[in-house]
2 protein chains.
Amino acid sequence: MNNPVRRSRLKISVLRIGHRFVRDDRVTTHVALVARALGCDRIFMNEVDKSIRSMMDEIIERWGGRYFNIEIIESWESTIKHWKNEGGKVAHLTMYGLNINEVIDDLRNCDKLLVVVGASKVPKELYQVSDYNVAIGNQPHSEIAALAICLDRIFNGKELTKQFDDAKLKIVPSPNEKKILNNSRD
Amino acid sequence: MNNPVRRSRLKISVLRIGHRFVRDDRVTTHVALVARALGCDRIFMNEVDKSIRSMMDEIIERWGGRYFNIEIIESWESTIKHWKNEGGKVAHLTMYGLNINEVIDDLRNCDKLLVVVGASKVPKELYQVSDYNVAIGNQPHSEIAALAICLDRIFNGKELTKQFDDAKLKIVPSPNEKKILNNSRD
């Protein structure tokens, strides 16, 4: 199946850099969950704790999105180089960048976009090799929040109503309770 | 000083519930950072690791926002009861709720709004006592992402350009480098 949010030609992957073992496990898990839920096709990350991949596998098994890929990489430099060689653009989310309001049209007009989120301080070179250094506000907050707002803005909120065709479980939105449809044949 | 985002009468606090020691420390820290950076006045939370408060104090000292309060609470039920007695409304962010697109106008029209985000499973009663159960998409992802998108939608992105008058450090947005103004007299 295809990514249901990709109604335009725009294809987005996420690159998570600087993950530190144990300390960043939960945050990186949230980054991966946001990437899947908010319309991306893939996340690249350094080697991470196995629990992150198994948790994502479980989510995809139950809630759908088998097209979504987790790729373990050796070096972020090679990943970006390869991405750019294939004609993709790179947007690095950083509080030091230009406000997203200023670059949102450019981001929407890309064919392939790699959104880069760092764990702690990121290498200086990343500011240079990125096509866009984008600030989701110029205040310190959270790479998870930054990624979420960036994707919500790019897709104009359409990702929040999508369905995953291969889901076993689907939620029936409700004002005051939990309602789940189980399409599984198990 | 006042909260610079509060151009309308709307005043937002965040209630973090279900924090588990150690396991949720980093995620709760991100929730608090997002609340401050994206226009809220206060966060209520159960007793948490001291590092969370000291980190927030340090952020506020350097980046401003002394009006922002961290309140340690005993019971989320009492906090919500008190909030509602004072005429405030309660929006619980949950993947089981109604899509934010359907309730955004109601949220914007509140005077006082308490946005509730849970760590893991939340008590059933929360669905009943909340005025709005709001889904930032009906997929599992992240309470940090949900809070960020909710605030960005409510404030129509205005929180991303605000200045904190009492900041020692201010960023000069740049396309490809880190530029910081230091207003401190130290």
Query raised in the report: Taking every residue in B:149-157, how many Cβ atoms of other protein chains lie within 10 Å of its Cβ, on average?
Result: 4
Requested in this report: Once you have the Cα-Cα distance between B:LEU181 and B:LYS168, take 0.36 nm times their residue separation minus that, and quote the gain in nm to one decimal.
Outcome: 3.9 nm
Query raised in the report: Of the accessible area of region B:1-153, with the probe set at 1.4 angstrom, what percent is carbon plus sulfur?
Result: 45 percent
Query raised in the report: For label points placed 7 Å from Cα toward Cβ, what is the shortest-first list of nm distances from A:ASP165 to its copies?
Result: 5.6
Query - Lysine pair number, Cα distance threshold 26 Å (strictly under), region A:110-186, separation 8 or more or different chains - result: 15
Query - Estimated FRET transfer efficiency when R0 is 56 angstrom, pair A:GLU71-B:SER78 (beta carbons, to 0.05) - result: 0.75
Requested in this report: May I ask you to list the residues of region A:28-57 whose amide nitrogen lies under 13 Å from a point 7 Å from Cα along the Cα→beta-carbon direction of B:MET55?
Outcome: A:28
Report task. Treat every Asp and Glu Cβ in region A:111-158 as -1 and every Lys and Arg Cβ as +1, leave all other atoms uncharged, and give the resulting dipole magnitude about the Cα centre to the nearest 20 debye. Result -> 60 debye
Query raised in the report: What are the label-to-label distances in nm, one decimal and shortest first, from B:GLU177 to the same spot in the other copies, with labels 7 Å along Cα to Cβ?
Result: 6.1
**Report entry** Peptides ranked, highest mean first, by Cβ atoms within 10 Å: ranges A:172-184, B:79-91
**Finding:** B:79-91, A:172-184
**Report entry** Inter-label distance for B:ARG62 and A:ASP106, nm, one decimal - labels placed 7 Å from Cα along Cα-to-Cβ
**Finding:** 2.7 nm
Report summary line: So, over other residues within a Cβ distance under 12 Å of A:LEU93, counting Lys, Arg +1 and Asp, Glu -1, the net charge is +1
Query - Length-normalised contact order for chain B - Cα pairs under 8 Å, 6+ apart - percent - result: 28 percent
Query raised in the report: At a Förster distance of 30 Å, what's the computed FRET efficiency of B:LYS124 paired with A:ASN99, Cβ-Cβ distance as r, to 0.05?
Result: 0.15
Query raised in the report: If we hang a label 7 Å off Cα along the beta carbon direction at A:ASP57, how far is it from the matching labels on the other copies, in nm, shortest first?
Result: 4.5
**Report entry** Members of region B:59-86 that become less accessible by 10 Å² or more once partner protein chains are added (1.4 angstrom probe, chain alone as reference)
**Finding:** B:ILE59, B:TRP63
Report task. Just add up the charged neighbours of B:ASP49: K/R +1, D/E -1, any other residue whose Cβ is under 12 Å from the Cβ of B:ASP49. Result -> +2
**Report entry** On Cα atoms only, tilt of B:25-37 relative to the major axis of chain B in degrees
**Finding:** 70 degrees
Report summary line: Expressed per residue, the solvent accessible area of chain B in Å² (1.4 Å probe) is about 45 Å²
Report summary line: For B:ILE180, the net charge from surrounding residues (Cβ-Cβ under 12 Å; K, R +1; D, E -1) works out to +4
Requested in this report: May I ask for the accessible area buried between chains A and B, both sides summed, probe 1.4 Å, to the nearest 100 Å²?
Outcome: 4500 Å²
Query raised in the report: Counting only other chains, what is the mean number of Cβ atoms within 10 angstrom of the Cβ of each residue in peptide A:29-42?
Result: 4
Query - For chain B, size of Cβ-based charge dipole, Lys and Arg +1, Asp and Glu -1, in debye - result: 400 debye
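The values are calculated or read from the model by the stated rules, or taken from the named source; none is laboratory data. Keep in mind that this is a model prediction, so the values were computed, not measured. All Cβ positions, glycine included, derive from the backbone under ideal geometry; neighbour counts span all protein chains shown. Accessible surface areas use protein heavy atoms only, side chains included; no ligands, DNA or RNA. Shrake-Rupley method; radii C 1.70, N 1.55, O 1.52, S 1.80 Å.
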